[in-house]
Structures are given as C-alpha cells and as structure tokens.
Amino acid sequence: MIRQRTPRGIQLGEFLTTRRRSQSRAALGLPPGNRRSEVGLSREEVATLAGISVSWYTWLEQGREINASEQVLAAVARVLHLTEPEAEYVYALASPGRTQPPAPPNEAPVHLLNLIRALDFPAFILTSDWTIVGWNAGYEWLYGPIATTPPAERNLLRIIYTDPRNRELLPNWERDSRSFLAEFRAESGVRLSSERHRALVDSLTELSADFRAQWAEQAVGRFTSRQRTFTHPTAGELVFEHHRLVPSDAADLHVVIYAPVPEAPQSETGMSVAPGSVDS
C-alpha cells in the first residue's frame, strides 16, 4: 500500500526534519555523528529513541498519510525536546479527520470596530492569516501608512517584512519579527495549507530574504502579552503593553491592543518602584 503525501503531512515532515537536524547529540547521550558532528540525529536514531519503527517515523517526515497515535507523537516530541507549543503544533497537524477551517473573513463585524474605535490607544483587528480588517485612530497615529495601504497588502506579516517604515518604527525588529513569525506558525497550524495562507507565505518568501531565512527556522511559539517598544517619527520612543483578545462571538478574529504602560509609583527618594515591591 502506497501512503500518499498530504499538504498537512508535508508541513509536519518539514517541521520534524528541522527539529531532528538541530538536536544536540550529547544531550541525548549519543557520540558525535557522521563527520564528527555534535548536532543532528538520523531518522533511525529518532525512531530507536522513541521506540517506534524506522518506517513509521520515515513516513512521518515524508508527509505520508498515516494515523499516528498520541503515544507515538508524544514519544517523538520527547526525543526532539519539543516545547509545549511545538508539541501542540505537531498534534494538530497529525490529527486524523481534521477538516480545513473556513476561509478568514474579509471584514470585521461592526461591533468590534465600535469597540476599538472607543479606545484612546492603538488597536486593530486581525484575521487568521493576519490580514488587518479594522483599526482605530490610535493605530493610524502609530503606523500612518495603514490608511493608504491597499487592502490586498494590508497584512501584518507583509507590513513587517516588506515596509521599511515599519522597521524604523521597531527598534527591536529582529526580535519582534521572529516572535511574530513563531506565533503566526503556531496559530495557523493546519491553515498553512489553505489557499490564502499558502499565497501569503509564497509571496513573502519571494519578496523578503529575512522572511525566507526566518521561516526556514520553523519556530513555533504561543502568544504572550508583553511590553513592546516603538520609535515614533514625532513622539520618539514609546512603550506599550501588547495584548490580544479573542472575541467569544468571533473566535476567528483577534483584537490587538497596545495599552500604555502605567507609570510606576515613586518612592520617597523619587526613584521608580515596581508595583508590589514596597513593604506593607
């Protein structure tokens, strides 16, 4: 029986291959490999350490249509030292019978637009492929070109990797872009084989050498709220708390907000004190 390759299987295989080739042999108690390399495992070694057949693991990396049990996937995740978000990404791609999610909407619901327009700090709305379908005056003040960007190019990843004005806005562009890309891959999961996601990735692979290099790293990471620094052309350095909300009645959309960082209370000496650090 010839097991067919599937788009999701190929996506899973590319991820597993990248992780296998980056593993420390010493960390697994293995001697140097071919050419005395300290990094990288063979498929046979992964299969042996995971307690599965070489053929089964080979089919996984080849993107073949197989029904891998949760126990098999957990064993592979253990050998490859996958993080929790990376393991979830693998489980999602390998789950049998998972249907392709619906295409992202082309516009945001009016009630979500009303919500972000009522905020006096930057906020915008993203679809699952990170198309920006709504924003408020605060976000337009922070990133002015959003208002004149053609709708077909109004995508957060596209802006990050192709607009030099965005790089000027982000003093930590290298770190921020990698964080965004890892989150995008984790969130997209099986959607990466959809028409819109494939078109976006293919386009950015052609347009941006940075995207091409970072996408090949196969990074996967869960979103976490965090502080972000911006260099505004007129206001100078700005620091926001970056948060993201998922509406219960529009779970395929994300509301992204950049909330001002509260000023830390002052001690008697006039020095800033972090909240909760003063003895009661």
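Brief remarks on what is shown
- Yes/no for A118 being assigned by TED's automatic domain parsing to the domain that holds D249, loosely packed, with under 13 Cβ neighbours inside 10 Å and either under 30 Å from R21 (Cβ atoms) or touching a helix residue (DSSP H, G or I) at 6+ places or on another chain (Cβ under 7 Å) (or both): no
- In the set (1) at pLDDT below 95; (2) surrounded by 14 or more Cβ atoms within 10 Å (Cβ to Cβ), P151 fails one condition alone, (2).
- So S188, is it assigned to a helix (DSSP H, G or I), crowded, with 19+ Cβ neighbours inside 10 Å and hydroxyl-bearing (S, T, Y): yes
- Qualifying residue in region 20-41 (condition: assigned by TED's automatic domain parsing to the domain that holds V72 and within 17 Å of Y91 (Cα to Cα)): yes
- Selected residue (only one of R165, R154 is without any contact (Cβ under 8 Å) to a residue 24 or more places away in the chain and either within 17 Å of H254 (Cβ to Cβ) or in contact with a Phe, Trp or Tyr (Cβ under 7 Å, 6 or more places away or on another chain) (or both)): R154
- A199 being closer than 18 Å to W130 by Cα, of a type outside the set (V, I, T) and modelled with pLDDT under 90: no
- Among the residues of region 201-214, some residue qualifies, meaning at least one is of a type in the set (K, R) and closer than 21 Å to L12 by Cα.
- Filter result (in contact with a Ser or Thr (Cβ under 7 Å, 6 or more places away or on another chain), within 20 Å of H243 (Cβ to Cβ) and part of a helix (DSSP H, G or I)) within region 155-185: I160, L169
- In region 2-40, residue nearest to the chain's Cα centre (by Cα) [restricted to those that are over 20 Å from E195 (Cα atoms) and among the basic types (K, R)]: R19
- Matching residues in region 225-248 - criterion: being of a type outside the set (K, R), over 19 Å from T127 (Cβ atoms) and touching a Ser or Thr at 6+ places or on another chain (Cβ under 9 Å): E237, L238, V239, F240, E241
- Test: residue in region 116-126 that is in a helix (DSSP H, G or I) and more than 18 Å from F223 (Cα to Cα): yes
- The residue that is surrounded by the fewest Cβ atoms within 10 Å (Cβ to Cβ), counting only those in region 1-49 that are of a type in the set (G, A, S) and part of a loop (DSSP other than H, G, I, E, B), is G29.
- Among the residues making up region 128-154, a single one is in contact with an Asp or Glu (Cβ under 7 Å, 6 or more places away or on another chain) and either within 19 Å of S179 (Cα to Cα) or polar (S, T, N, Q) (or both): S128.
The values are calculated or read from the model by the stated rules, or taken from the named source; none is laboratory data. Predicted, not measured: the structure shown is a model, and the values here were computed from it. Positions of Cβ are backbone-derived with ideal geometry, glycine not excepted, and every protein chain shown enters the neighbour counts.
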